[in-house]
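The values are calculated or read from the model by the stated rules, or taken from the named source; none is laboratory data. Quick caveat, the model's predicted, so the values are computed rather than measured. When we count neighbours, we look across all protein chains shown, and the Cβ atoms used for this are built from the backbone with ideal geometry, even at glycine. In case anyone asks, the SASA skips ligands and DNA or RNA and just uses the protein heavy atoms, side chains included. Shrake-Rupley method; radii C 1.70, N 1.55, O 1.52, S 1.80 Å.
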Amino acid sequence: ASDPQALGAIRAVRRQGLSVPQDVSVIGYDDSAFMNCVDPPLTTIRQPIEAMGRAAVDLLTMQINGASVTDEELLFEPELVVRGSTAPTRR
């Protein structure tokens, strides 16, 4: 769900005597600061925050200027950032 929750999942896995990523792979969401500094570094999904913010400001500016704004859904492409908390599946 989120990077901090993923860190909690890693702790829970370790309390069960298992290891990440050898026994369980864990992936977070948001690429929070310092996720590359935890042990193991957290694989995460990075959102295009700058593009999302720019789109929001553009839409708001258009509305302020009286332009018609559609209610279409905006889609943004996330990025998978692979680090040390995931491993290939065992066969």
Q) Quick one: with all protein chains in place, what share of the accessible area of the chain is carbon or sulfur, to the nearest percent (1.4 Å probe)? A) 55 percent
Q. What accessible area per residue, rounded to a whole number of Å², is obtained for segment 33-91 using a probe radius of 1.4 Å?
A. 80 Å²
Q. Mean separation of Cα pairs under 8 Å and 6+ residues apart, divided by the residue count of the chain: what relative contact order is that in percent?
A. 34 percent
Q | Residue among Ile27, Ile49, Ile64 with the largest mean-square fluctuation in a Gaussian network model of the chain, springs linking Cα atoms under 10 Å | A | Ile64
**Q.** Dipole moment magnitude, nearest 20 debye, the chain about Cα centre, only Lys, Arg, Asp, Glu C-beta charged
**A.** 740 debye
Q) Leu18 to Leu59: FRET efficiency via 1/(1 + (r/R0)^6), r the Cβ-Cβ distance, R0 35 Å, to the nearest 0.05? A) 0.15
**Q.** Between helix 49-64 and the chain: long-axis angle, C-alpha atoms, 0 to 90°, nearest 10
**A.** 20 degrees
Q | DSSP-loop GluC sites (Glu not before Pro) across segment 7-84, with at most 15 other Cβ within 10 angstrom | A | Glu72, Glu73
Q. With the chain treated as a Gaussian network of Cα nodes joined by springs under 10 Å, which of Thr43, Thr61, Thr70 yields the largest mean-square fluctuation?
A. Thr70
Q. Where does each of Phe76, Phe34 land when they are ordered by accessible area, with a 1.4 Å probe and the largest first?
A. Phe34, Phe76
Q: Return one number: the angle in degrees, 0 to 90 and rounded to the nearest 10, between the long axis of the Cα atoms of helix 3-15 and the longest principal axis of the Cα atoms of the chain.
A: 10 degrees
Q: Quick one: grab Rg to one decimal and Dmax as a whole number for the chain, Cα atoms only, in Å.
A: 18.3, 60
(Q) Quick check: pseudo-label points 7 Å beyond the Cα along Cα→Cβ at Glu79 and Arg46, how many nm apart are they? (A) 0.3 nm
